[in-house]
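Student: This is the structure, below, for whatever I ask next.
The values are calculated or read from the model by the stated rules, or taken from the named source; none is laboratory data. The model shown is predicted, which means the values in this text are computed figures rather than measured ones. Here the Cβ positions follow ideal geometry from the backbone for every residue, glycine too, while neighbour counts run over all protein chains shown.
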Amino acid sequence: MKLELDPSSSLPLHQQAEELLRRMIRQEEYRKGQLLPSEVELSHQLNISRNTLRQAINRLVYEGLLIRKKSYGTTVAPQKVMGNARNWMSFSQEMKTQGMEVENFELHLSRKKAPSEATEFFNVDSDSKLLCLQRLRGRPGQPFVYFISYFNPSIPMTGGEDLTMPLYENLQRKYGIRVKTSREMISAQAASADLADKLEIAEGEPILVRKRFVLDVNNMPVEFNVGYYRADSFTYSIEFVNE
């Protein structure tokens with residue numbers, strides 16, 4: 001791979017270096033654990049200062065893409081799903097944008113009594129039985145998230161939908177529902193025996209719980225979703241900007 005920046009570009013050098021590093025770490029040898037060149041080597045090859053290079057590296061460390069260890073070096077972090085607070089996506093979209101293939105390990109569809117958070121969100125009777133979709137998902141050979149979704153009973157879903165395709169794409173094509181807003185809550189808890197078995201971790205290990213209250217373009221509640229993630233496979237990115 002050619003390591004070269006364009007000093008005549010309007011893009012700042014640290015941003016150019018960041019994009020170059022993003023391309024580097026997608027290469028197979030770095031994904032398999034090979035150390036990145038040292039800061040001294042990289043700054044020399046790119047003809048930029050170490051401070052400029054460090055800006056780029058720090059950004060990727062912050063995003064959880066690189067791991068920097070003192071007296072050892074910098075390596076590519078194990079692949080994780082990156083959630084973003086500014087531009088939320090479905091799980092399939094999150095995986096696709098990060099170049100990860102999705103595998104469904106379990107898929108169950110039923111009608112059952114929903115938790116109070118779901119019935120209150122949909123403004124239905126607390127004893128209502130709602131369509132419930134349960135899926136164990138991840139990358140090939142490695143399940144790392146268990147989803148439980150409940151849907152607004154006003155949506156005429158039958159259970160016969162093609163649930164192998166992205167959910168929100170399915171809702172838009174079949175029912176004209178275009179989701180817009182996701183209100184989310186993230187917390188941590190210890191894995192129960194059942195969840196630990198599904199996620200292939202030890203009982204009591206930490207997992208991240210991500211609750212989503214999804215609404216369409218008309219603010220109609222569409223889906224209440226709870227995702228239970230292996231803590232070592234999910235990073236949630238939040239960026240605040242002062243106006």
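Student: Looking only at region 1-24, how many residues end up being of a type in the set (D, E, K, R), surrounded by 14 or more Cβ atoms within 10 Å (Cβ to Cβ) and not assigned by TED's automatic domain parsing to the domain that holds L66?
Tutor: Of region 1-24, the ones of a type in the set (D, E, K, R) are 2, 4, 6, 18-19, 22-23.
From the residues that got through so far, the ones that are surrounded by 14 or more Cβ atoms within 10 Å (Cβ to Cβ) too are 18, 22.
Now restrict to residues that are not assigned by TED's automatic domain parsing to the domain that holds L66: none.
Of the residues in that region, 0 qualify.
Student: What number of residues within region 162-212 satisfy the criterion of being in contact with a Leu (Cβ under 9 Å, 6 or more places away or on another chain) and among the basic types (K, R)?
Tutor: Looking only at that region, the number is 4.
Student: Condition (residue is at pLDDT below 85, touching a strand residue (DSSP E or B) at 6+ places or on another chain (Cβ under 8 Å), of a type in the set (G, A, S) and crowded, with 16+ Cβ neighbours inside 10 Å) applied to region 80-92: is it met by at least one residue?
Tutor: yes
Student: Shifting gears a bit: Given the condition modelled with pLDDT under 85, exposed (fewer than 15 other Cβ atoms within 10 Å of the Cβ) and on the phi > 0 side of the Ramachandran plot, answer yes or no: does some residue in region 94-106 qualify? Quick ask: steps written out before the conclusion?
Tutor: Start the filter on region 94-106 by keeping residues that are modelled with pLDDT under 85, which leaves 94-102.
Adding the requirement that they be exposed (fewer than 15 other Cβ atoms within 10 Å of the Cβ) leaves 96-99, 101.
Now narrow it down to the ones that are on the phi > 0 side of the Ramachandran plot: 99.
Looking through region 94-106, at least one residue is modelled with pLDDT under 85, exposed (fewer than 15 other Cβ atoms within 10 Å of the Cβ) and on the phi > 0 side of the Ramachandran plot.
Student: Looking only at region 124-151, count how many residues are closer than 13 Å to K113 by Cα, assigned to a loop (DSSP other than H, G, I, E, B) and touching a residue at least 24 places away in the same chain (Cβ under 8 Å).
Tutor: So the count comes out to 2.
Student: Exactly one condition in (1) part of a loop (DSSP other than H, G, I, E, B); (2) of a type outside the set (D, E); (3) under 17 Å from T75 (Cα atoms); (4) touching a residue at least 12 places away in the same chain (Cβ under 8 Å) is false for L5; which is it?
Tutor: Of (1) part of a loop (DSSP other than H, G, I, E, B); (2) of a type outside the set (D, E); (3) under 17 Å from T75 (Cα atoms); (4) touching a residue at least 12 places away in the same chain (Cβ under 8 Å), only one is false for L5: (3).
Student: I would also like to ask the following. Could you go through region 155-165 and let me know if any residue there is assigned to a loop (DSSP other than H, G, I, E, B), farther than 15 Å from L109 by Cβ and aliphatic (A, V, I, L, M).
Tutor: For region 155-165, residues assigned to a loop (DSSP other than H, G, I, E, B), farther than 15 Å from L109 by Cβ and aliphatic (A, V, I, L, M): absent.
Student: Further question: From (1) out of contact with any strand residue (DSSP E or B) (no Cβ under 9 Å at 6 or more places or on another chain); (2) surrounded by 11 or more Cβ atoms within 10 Å (Cβ to Cβ); (3) more than 30 Å from A231 (Cβ to Cβ), pick out the condition that doesn't hold for S38.
Tutor: (1)
Student: Does V217 satisfy the criteria of being at pLDDT below 90, among the hydrophobic types (A, V, I, L, M, F, W, C), over 13 Å from the mean Cα position of the chain (by Cα) and more than 18 Å from V145 (Cβ to Cβ)?
Tutor: no
Student: May I ask you to list the residues in region 202-240 that are touching a strand residue (DSSP E or B) at 6+ places or on another chain (Cβ under 6 Å) and aliphatic (A, V, I, L, M)?
Tutor: Once the filter is applied, which keeps residues that are touching a strand residue (DSSP E or B) at 6+ places or on another chain (Cβ under 6 Å) and aliphatic (A, V, I, L, M), region 202-240 yields I207, L208, V209, V214, L215, V217, V222, V226, A231.
Student: Same structure again: Is there a residue in region 124-131 that is within 23 Å of the chain's Cα centre (by Cα), surrounded by 16 or more Cβ atoms within 10 Å (Cβ to Cβ) and at pLDDT 80 or above?
Tutor: no
Per-residue answers, yes or no, for (1) assigned by TED's automatic domain parsing to the domain that holds A118; (2) in a helix (DSSP H, G or I); (3) under 13 Å from Y146 (Cβ atoms):
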| position | (1), (2), (3) |
| --- | --- |
| L171 | yes, yes, no |
| K174 | yes, yes, no |
| I177 | yes, no, no |
| K180 | yes, no, no |
| E184 | yes, no, no |
| D194 | yes, yes, yes |
| D197 | yes, yes, yes |
| G204 | yes, no, no |
| R210 | yes, no, yes |
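Yes/no matrix, rows are residues, columns are (1) under 25 Å from K113 (Cα atoms); (2) at pLDDT below 90; (3) crowded, with 17+ Cβ neighbours inside 10 Å:
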{"residue": "T158", "(1), (2), (3)": "yes, yes, no"}
{"residue": "M165", "(1), (2), (3)": "no, yes, no"}
{"residue": "V179", "(1), (2), (3)": "yes, no, yes"}
{"residue": "A202", "(1), (2), (3)": "no, no, no"}
{"residue": "P206", "(1), (2), (3)": "no, no, no"}
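Student: Consider only pairs whose beta carbons are under 7 Å apart and that are at least six residues apart or on different chains; among these, list those whose first residue lies in region 156-169 and is assigned by TED's automatic domain parsing to the domain that holds L131 and whose second residue is of a type in the set (F, W, Y).
Tutor: P156/Y175; M157/F151
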